[in-house]
Amino acid sequence: MSKTLSLRSLLGSTLLPRNEAYILMAHVLDKHYQLPRSTLISRDEIELSAPALEEWHALESRRLNGEPVAYLVGKRGFHKIELQVTPGVLIPRPETELLVDIALQEIKKIESSTKSPKILDLGTGSGAIALAIANEALNSQVIATDQSLEALTIAKSNAKSLGLETRVQFTQGSWYQALKESVTFDIIVGNPPYIPAQDPHLIVGDLRFEPLNALTDHSTGLSCLEAIVLEAKNHLKPMGLLAVEHGYDQSNAVVELMKTAGLSDIQTHQDLSGHHRVASARKQD
Ligand code: GLN
């Protein structure tokens with residue numbers, strides 16, 4: 001086999017950024033040879049067989065064409081878990097881990113008085129938020145909703161792979177319509193579609209490959225946030241906490257919605273890039 005097929009030369013000559021090339025090549029090595037990622041460093045003289053080489057080139061060109069790495073390898077790490085992802089669900093983002101941490105902090109706070117905290121994740125997608133919470137808060141009971149049956153199938157499969165299927169219940173419907181009227185929660189979280197319909201980012205780069213209904217409300221960007229915030233009181237226990245993710249420039253608008261909804265103790269939270277990314281509030285009366 002020619003020398004140009006070694007891992008070293010393939011990785012050295014690709015137009016992909018190094019970190020992406022390494023993830024895709026590690027995927028090829030795992031799939032075709034069950035070799036670990038460390039092979040990329042420790043045995044980079046290895047030459048790929050024809051089928052493995054063909055797969056590498058296919059993945060390389062799909063990525064160069066804009067397909068997200070997470071869809072190409074079918075998985076993405078989030079908080080302390082790994083999730084299966086397909087183009088039927090939004091790819092979990094690092095900034096959304098903030099929402100998980102806010103929920104976990106609240107669970108710690110109410111632990112002594114609430115044996116089994118009830119959590120609602122609205123619009124769960126791959127199940128990322130619900131499953132990351134259930135994975136850490138072992139006494140929590142989580143209900144996760146989504147309008148998309150395709151998303152729920154993926155979320156349920158993730159729950160099973162993580163051994164969390166008895167702790168997280170999935171239900172189909174638009175926001176609170178997925179629930180029985182009377183249920184109330186200690187914590188409600190959600191990362192709804194909040195990109196405005198006219199945002200130019202929707203038609204460039206990786207976003208083009210993600211489900212549009214998970215990214216945009218096809219309106220101002222605030223309509224789903226509004227639906228979640230304005231009805232939250234009906235589904236929160238007294239002193240219950242609502243926390244929602246929103247766009248970098250939507251903090252003031254979401255705070256106003258929370259005021260309109262009659263919620264108290266309104267707080268804004270910054271992500272690691274310093275953007276206001278989550279707003280939280282309580283039902284106090
Ligand atoms: N955070 C995502 C982005 O900016 C959007 C996800 C969403 O609309 N909830 O790409």
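The values are calculated or read from the model by the stated rules, or taken from the named source; none is laboratory data. Keep in mind it's a predicted model, so treat the numbers as computed, not measured. Glycine gets a Cβ as well: all are built from the backbone with ideal geometry, and neighbour counts include every protein chain shown.
Selection of first residues in segment 213-225 that are in contact (Cβ under 8 Å) with a residue 60 or more places away in the chain and of second residues that are basic (Lys, Arg) and within 10 Å of the ligand (Cβ to nearest atom), restricted to Cβ pairs under 8 Å at least 6 apart or on distinct chains, gives an empty result. Residue pairs whose Cβ atoms lie under 8 Å apart, sitting 6 or more positions apart in sequence or on different chains, and linking a residue in segment 160-182 that is farther than 16 Å from Leu230 by Cα to a partner that is part of a loop (DSSP other than H, G, I, E, B) and of a type in the set (Ser, Thr, Tyr), are Arg167/Ser140; Phe170/Thr124.
Pick out the one residue from Ala58, Ala21, Ala50 that is among the small types (Gly, Ala, Ser), out of contact with any helix residue (DSSP H, G or I) (no Cβ under 8 Å at 6 or more places or on another chain) and closer than 20 Å to Gly205 by Cα. Within the list Ala58, Ala21, Ala50, the selection yields Ala58.
Considering only residues in segment 209-226 that are among the aliphatic types (A, V, I, L, M) and closer than 29 Å to Leu72 by Cα, the one that is farthest from the chain's Cα centre (by Cα) turns out to be Leu212. Restricting attention to segment 94-126, the residues being within 15 Å of the ligand (Cβ to nearest atom) and either surrounded by 24 or more Cβ atoms within 10 Å (Cβ to Cβ) or touching a residue at least 60 places away in the same chain (Cβ under 8 Å) (or both) number 12. Taking the criterion of being part of a loop (DSSP other than H, G, I, E, B) and under 24 Å from the mean Cα position of the chain (by Cα), would at least one residue in segment 230-247 satisfy it? Yes, segment 230-247 has at least one match.
Residues that are within 16 Å of the ligand (Cβ to nearest atom) and not in a loop (DSSP other than H, G, I, E, B) do not occur anywhere in segment 159-170.
When segment 140-159 is filtered for residues that are touching a residue at least 40 places away in the same chain (Cβ under 8 Å), polar (S, T, N, Q) and under 12 Å from Ile129 (Cα atoms), only Asn158 remains.
Which ones in segment 183-201 are away from the ligand (no atom under 13 Å from the Cβ) and either in contact (Cβ under 8 Å) with a residue 24 or more places away in the chain or within 18 Å of Thr124 (Cβ to Cβ) (or both)?
Answer for segment 183-201, where residues must be away from the ligand (no atom under 13 Å from the Cβ) and either in contact (Cβ under 8 Å) with a residue 24 or more places away in the chain or within 18 Å of Thr124 (Cβ to Cβ) (or both): Val183, Thr184, Phe185, Asp186, Ile187, Ile188.
Looking only at segment 171-195, count every residue that is part of a loop (DSSP other than H, G, I, E, B) and either in contact with a strand residue (DSSP E or B) (Cβ under 6 Å, 6 or more places away or on another chain) or surrounded by fewer than 18 Cβ atoms within 10 Å (Cβ to Cβ) (or both) and tell me the total. The qualifying residues number 9. Considering (1) more than 21 Å from Arg208 (Cα to Cα); (2) more than 22 Å from the chain's Cα centre (by Cα); (3) free of Cβ contacts under 8 Å to residues at least 24 places away in the same chain, the lone condition that Pro17 does not fulfil carries the number (1). The criterion of being in a helix (DSSP H, G or I), out of contact with any helix residue (DSSP H, G or I) (no Cβ under 7 Å at 6 or more places or on another chain), at pLDDT 95 or above and closer than 30 Å to Leu104 by Cα holds for Ala70.
Number of residues in segment 203-226 that are hydrophobic (A, V, I, L, M, F, W, C) and either near the ligand (Cβ under 9 Å from one of its atoms) or more than 17 Å from Glu67 (Cα to Cα) (or both): the value is 6. Quick check on segment 171-186: of everything there that is within 21 Å of the chain's Cα centre (by Cα) and among the hydroxyl-bearing types (Ser, Thr, Tyr), which residue is farthest from Lys109 (Cα to Cα)? Here the residue is Ser174.
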